[in-house]
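**Q** Okay, handing you the structure first.
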Amino acid sequence: VTASAGDGAQSFRVRSRARGYEVVFDDAGAWVERVAREAQAFTVVDENVLRLYGEGPLRPMTAAGVVPLPVSEERKTFDSVAGLADLATRFAAKRNVLLVSVGGGITQDLTGFLASTLYRGVRWIYVPTTLLAMADSCIGGKTSLNLEGHKNLLGTIYPPERVIVQTSFVETLSEDDYLSGLGEVVKLHLLGGARATARLREELPALLGRKAGAVRGAVAGSLAIKRDYIEDDEFDRGRRNLLNFGHCFGHALETTTGFAIPHGQAVTIGMLLADAVAVERGLLDAAEADERRRALYLPVLGLRPSLDAGQTAALVTAMKYDKKRVGEGLALVMAGPGGDAVRVDDLGEDEALRALGRLPGLLQR
Ligand SMILES: NC(=O)c1ccc[n+]([C@@H]2O[C@H](COP(=O)([O-])OP(=O)(O)OC[C@H]3O[C@@H](n4cnc5c(N)ncnc54)[C@H](O)[C@@H]3O)[C@@H](O)[C@H]2O)c1
Ligand SMILES: [Zn+2]
């Protein structure tokens with residue numbers, strides 16, 4: 001069945017200038033046997049996923065041979081790709097190799113970068129196992145590596161030929177990682193407009209309880225919204241940029257806290273801060289910002305970091321390293337009323353510092 005993404009859809013296509021690709025929902029896990037039988041498959045699995053599922057649902061694949069991948073932001077580097085490339089080039093299938101990648105966003109970034117550069121590009125299939133990867137990163141085709149502690153400075157655009165989504169993987173995620181995925185789900189639904197946002201608010205209790213139907217619906221809904229933003233702007237020139245809502249402050253927060261805050265939770269804090277700036281600039285009603293804060297941001301925030309003066313200053317410095325920055329000011333995406341997003345390039349350091357000063361209050365219930 002091919003249908004548009006939404007409840008009940010079994011698969012949908014994402015158009016891409018490079019090559020269109022397919023997202024398939026496979027709740028029963030039939031993909032495992034198929035991959036295990038594929039002689040050309042060079043399979044890389046997140047080490048933690050392998051520990052949890054390797055002797056259970058992923059057993060046929062494990063038996064056929066997989067490479068366990070240790071994941072952390074510190075290891076999302078060129079060196080790790082080189083290590084994988086070394087293994088891959090010893091693999092018999094060589095140029096006909098089919099790279100199969102199973103894991104979260106870090107696994108996706110590392111293996112996607114490998115897929116795009118190995119022999120100038122090999123076929124690959126990606127199976128996201130975190131909520132963040134299922135609902136957000138698995139489409140869009142971006143791969144990224146960190147460089148000298150700075151997030152995602154190296155990268156390519158190289159979508160897998162197929163994404164296979166089995167939402168039951170979320171059952172074993174830590175609460176912090178699950179909430180991290182919900183941060184991106186909230187972001188996408190806000191950008192999806194008032195109706196999508198209202199739907200999410202209704203589903204949030206079930207979603208927080210990881211109810212299967214709610215997870216499936218939120219993943220499909222998020223991907224449908226993201227697809228809309230990326231299809232006509234694959235190379236990140238305009239509209240796609242708006243998906244960076246929450247990420248301007250968010251990435252900087254990740255950097256300055258040494259990645260102690262999971263990505264999506266940093267994004268949630270980034271949305272709180274972007275809203276604070278938007279309110280100050282008169283782009284967003286204080287009441288709507290507070291609604292979002294109470295109904296959407298705080299429920300999906302597990303960590304409530306406090307920043308000292310040194311960290312706050314370092315955070316603003318980190319924002320200057322934002323690779324999307326073009327002018328003298330700092331870049332910021334804000335979501336106005338009904339999620340109508342705008343990007344500015346003239347955020348002043350003083351403005352950023354004022355928003356950061358308000359953070360402790362914004363984090364209070
Ligand atoms: N390429 C893109 O378009 C894109 C988009 C958004 C984010 N990202 C990147 O993705 C990364 C974050 O991704 P993430 O949150 O998936 O992190 P992750 O890949 O580090 O996974 C988080 C943790 O969950 C573990 N894990 C994975 N699946 C599990 C499962 N089913 N059960 C239990 N544990 C499991 C992992 O081992 C890891 O410890 C960041 O580096 C971010 O920059 C990339
Ligand atoms: Zn993100």
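**Q** Per the helix-only calculation at 222 nm, which mean residue ellipticity applies to the chain, given -39500 (n - 2.57) for every DSSP H run of n ≥ 4 and division by its residues, nearest 500 deg cm²/dmol?
**A** Per the formula, -13500 deg cm²/dmol.
**Q** Tell me the angle of helix 175-191 to the major Cα principal axis of the chain, expressed in degrees between 0 and 90 and rounded to the nearest ten.
**A** 70 degrees
**Q** To continue, here is another question. What is the spin-label model distance, in nm, from ALA212 to ARG365 if the labels are put 7 Å beyond Cα along the C-beta direction?
**A** Using points 7 Å along Cα→Cβ, the separation is 3.1 nm.
**Q** Let me ask another. Once you have the Cα-Cα distance between SER168 and ALA18, take 0.36 nm times their residue separation minus that, and quote the gain in nm to one decimal.
**A** Result for the pair: 51.0 nm of gain on full extension.
**Q** Now for a separate question. How big is the charge dipole of the range 1-147 about its Cα centre, in debye rounded to the nearest 20, if each Lys and Arg gets +1 on its Cβ and each Asp and Glu gets -1 on its Cβ?
**A** Taking the Cα centre of the range 1-147 as origin, the dipole is about 720 debye.
**Q** Step through the residues of the range 307-319 one at a time and calculate ³J(HN,Hα) from phi using the Karplus curve (6.51 cos²θ - 1.76 cosθ + 1.60, θ = phi - 60°), rounding each to whole Hz and writing x for Gly and Pro.
**A** Karplus values, whole Hz, x for Gly and Pro: 10, 7, 4, x, 5, 4, 5, 5, 5, 5, 4, 4, 5.
**Q** Counting only protein heavy atoms and using a 1.4 Å probe, what share of the accessible area of the range 158-313 belongs to carbon plus sulfur, as a whole percent?
**A** Carbon and sulfur: 50 percent of the exposed surface of the range 158-313.
**Q** A follow-up question, please. Please state the relative contact order of the chain as a whole percent: Cα pairs under 8 Å, 6+ residues apart?
**A** Across the chain, relative contact order equals 14 percent.
**Q** Then there's this: Counting only protein heavy atoms, what percent of the accessible surface of the range 1-145 is carbon or sulfur at a 1.4 Å probe?
**A** With neighbouring chains kept in place, the figure for the range 1-145 is 51 percent.
**Q** Can you work out the PRE-style zone for LEU303? Point 7 Å along Cα to Cβ, and I want the residues of the range 125-157 with backbone N under 15 Å.
**A** 151
**Q** Set the Förster radius R0 to 56 Å, insert the Cβ-Cβ distance between GLN40 and GLU280 as r into 1/(1 + (r/R0)^6), and round the FRET efficiency to 0.05.
**A** 0.50
**Q** Could you give the length gained on full extension between HIS150 and ALA314, defined as 0.36 nm per residue of separation minus the Cα-Cα distance, in nm?
**A** This chain segment gains 57.8 nm when fully extended.
**Q** Apply the Karplus curve 6.51 cos²θ - 1.76 cosθ + 1.60, θ = phi - 60°, to the phi angles in the range 329-338 and return the couplings in whole Hz, x for Gly and Pro.
**A** Per residue, the Karplus-derived 3J(HN,Hα) values read x, 8, 8, 8, 9, 10, 10, x, x, x Hz.
**Q** Here is a further query. Would you work out if the range 231-365 is rounded, prolate or oblate? Take a ≥ b ≥ c from the square roots of the eigenvalues of the alpha-carbon gyration tensor; rounded if a/c is under 1.5, else prolate when a/b is larger than b/c, oblate otherwise.
**A** It comes out rounded by the Cα gyration axes.
**Q** On average, how much accessible surface per residue is there in the range 91-146, in Å², for a 1.4 Å probe, leaving out ligands, DNA and RNA?
**A** 26 Å²
**Q** Under the rule a/c < 1.5 gives rounded, and otherwise a/b versus b/c splits prolate from oblate, where does the range 1-141 land using the Cα gyration tensor?
**A** It is rounded, given that a/c, with a ≥ b ≥ c, falls under 1.5.
**Q** Eight or more residues apart or on different chains, and alpha-carbon atoms under 17 Å: count the Lys pairs in the chain matching that.
**A** The number of close lysine pairs in the chain is 10.
**Q** For the chain, what Kirkwood radius comes out of the mean inverse Cα-Cα distance, in Å?
**A** 20.7 Å
**Q** Collect residues whose amide H, placed 1.01 Å from N in the peptide plane, falls under 5 Å from the amide H of ILE164; neighbours closer than 5 in sequence don't count.
**A** For ILE164, whose amide H was placed from the backbone, the distant partners under 5 Å are VAL24, TYR126, VAL127.
**Q** Net charge near LEU298: determine it from the other residues with C-beta under 12 Å of the C-beta of LEU298, scoring Lys and Arg +1 and Asp and Glu -1.
**A** Neighbourhood net charge equals +3.
**Q** So with the 1.4 Å probe, I'd like the accessible area per residue for the range 194-302, rounded to whole Å².
**A** It amounts to 36 Å² per residue over the range 194-302.
**Q** In addition: Beta carbons within 10 angstrom, averaged per residue: use that to sort the peptides 37-49, 18-30, 142-154, highest first.
**A** Most protected by this proxy first, the peptides run 37-49, 142-154, 18-30.
**Q** Same structure again: Using only alpha carbon pairs under 8 Å that are at least six residues apart, calculate the relative contact order of the range 231-288 and give it in whole percent.
**A** 30 percent
**Q** Moving on to the next point. Test of understanding: in a Gaussian network model of the chain with alpha carbons linked when under 10 Å, which of SER222, SER306, SER16 would top the mean-square fluctuation ranking?
**A** Answer for the Gaussian network model of the chain: SER306.
**Q** Angle, helix 78-90 long axis vs. longest principal axis of the chain, Cα atoms, 0 to 90°, nearest 10?
**A** Compared with the principal axis, the helix lies near 10 degrees.
**Q** Right, something else. Any idea what the dipole of the range 92-166 comes to, in debye rounded to 20, about its Cα centre with Lys/Arg Cβ at +1 and Asp/Glu Cβ at -1?
**A** Its charge dipole is roughly 320 debye.
**Q** Could you check the simple spin-label distance between GLU291 and ARG343, using points 7 Å along Cα→Cβ, in nm with one decimal?
**A** Once both label points are built, they end up 2.7 nm from each other.
The values are calculated or read from the model by the stated rules, or taken from the named source; none is laboratory data. Fair warning: this is a prediction, and the values are worked out from it, not measured in the lab. No Cβ is skipped: glycine too gets one built from the backbone with ideal geometry, and neighbour counts run over all protein chains shown. Surface areas here come from the heavy atoms of the whole protein model, side chains and all, with no ligands, DNA or RNA. Shrake-Rupley method; radii C 1.70, N 1.55, O 1.52, S 1.80 Å.
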